[in-house]
Amino acid sequence: MSHQENDLSDRRTLGFAGAAEDAFRYLTDSGFRVLSADATIVRYSSTRVFVNVYHGRLSYELGIEVGLVGSGAEPGYALEAFVRLSDPESASRIRNFVATTPDEVRVGLQRLAQQLKQHVEPALQGNTAIFAELHRQREEWSKSYAAEVLAGQIRPEADAAFRARDYRRFIELLSKIENALTSAEKQKLEYARRHVSR
């Protein structure tokens, strides 16, 4: 038996699959069917929407992922994404429940099922407008994150160029992240442009 199989057999004692099927019974009552159930994930699907209820293999966090059936390789969306649509402030406070005992698994899954009902119900009906907005937000976040990473890579090199008085290089670098500049960086950029134009 591999180490991973042994870890999962130990996880079966937590009763995740059975507790998930009990807590999320309303899904099967609403036309979803259980596609698979094991020690760390129970997969549900209707004709339009899938719901994955999981128990993190390493983190022991309980969570969900909801998406449209047949939407390609795009993963589903976490509970936080749905809450963010109506209440961004509350979404920032959502934390996955960590469950390491059978009782914690049961209580955490019941809480998660309530949150799913409260925040995701229209999406469970296959409302494509909700998924389109979630996709738009994910794209926006992805672009914002990529810009932050680029800025984090450029800033040290730009600072070194400024200290070396290589103003052309400084301008070239900061021009790539001009929309993300701090007021101090904008002032330095103006200073560098004045000195290059002389």
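The values are calculated or read from the model by the stated rules, or taken from the named source; none is laboratory data. Worth saying up front: this structure is predicted, and the values here are computed from it rather than measured. Cβ atoms come from the backbone with ideal geometry, glycine included; neighbour counts cover every protein chain shown.
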Of the residues Arg111, Arg93, only one is in the same structural domain as Ala78 (by TED's automatic domain parsing), closer than 16 Å to Leu79 by Cβ and not in a helix (DSSP H, G or I); which? Arg93
With respect to Ser36, is the statement that it is at pLDDT below 90, farther than 21 Å from Glu121 by Cβ and either among the polar types (S, T, N, Q) or assigned by TED's automatic domain parsing to the domain that holds Asn96 (or both) true? no
If I filter the range 91-102 for residues that are farther than 23 Å from Ala39 by Cα, surrounded by 13 or more Cβ atoms within 10 Å (Cβ to Cβ) and not charged (D, E, K, R), do I get at least one hit? yes
Taking the stated definitions as given, is Lys143 over 18 Å from Val53 (Cα atoms), surrounded by 12 or more Cβ atoms within 10 Å (Cβ to Cβ) and of a type in the set (D, E, K, R)? no
Of everything in the range 136-190 that's assigned to a loop (DSSP other than H, G, I, E, B) and either farther than 29 Å from Arg84 by Cβ or within 23 Å of the chain's Cα centre (by Cα) (or both), which residue is modelled with the lowest pLDDT? Lys176
Lone qualifier among Ala39, Ala123, Ala129 - being in contact with a Ser or Thr (Cβ under 8 Å, 6 or more places away or on another chain) and either assigned to a helix (DSSP H, G or I) or within 18 Å of Thr13 (Cα to Cα) (or both): Ala39
For Val105, which of the numbered conditions (1) assigned to a strand (DSSP E or B); (2) crowded, with 20+ Cβ neighbours inside 10 Å fails to hold? (1)
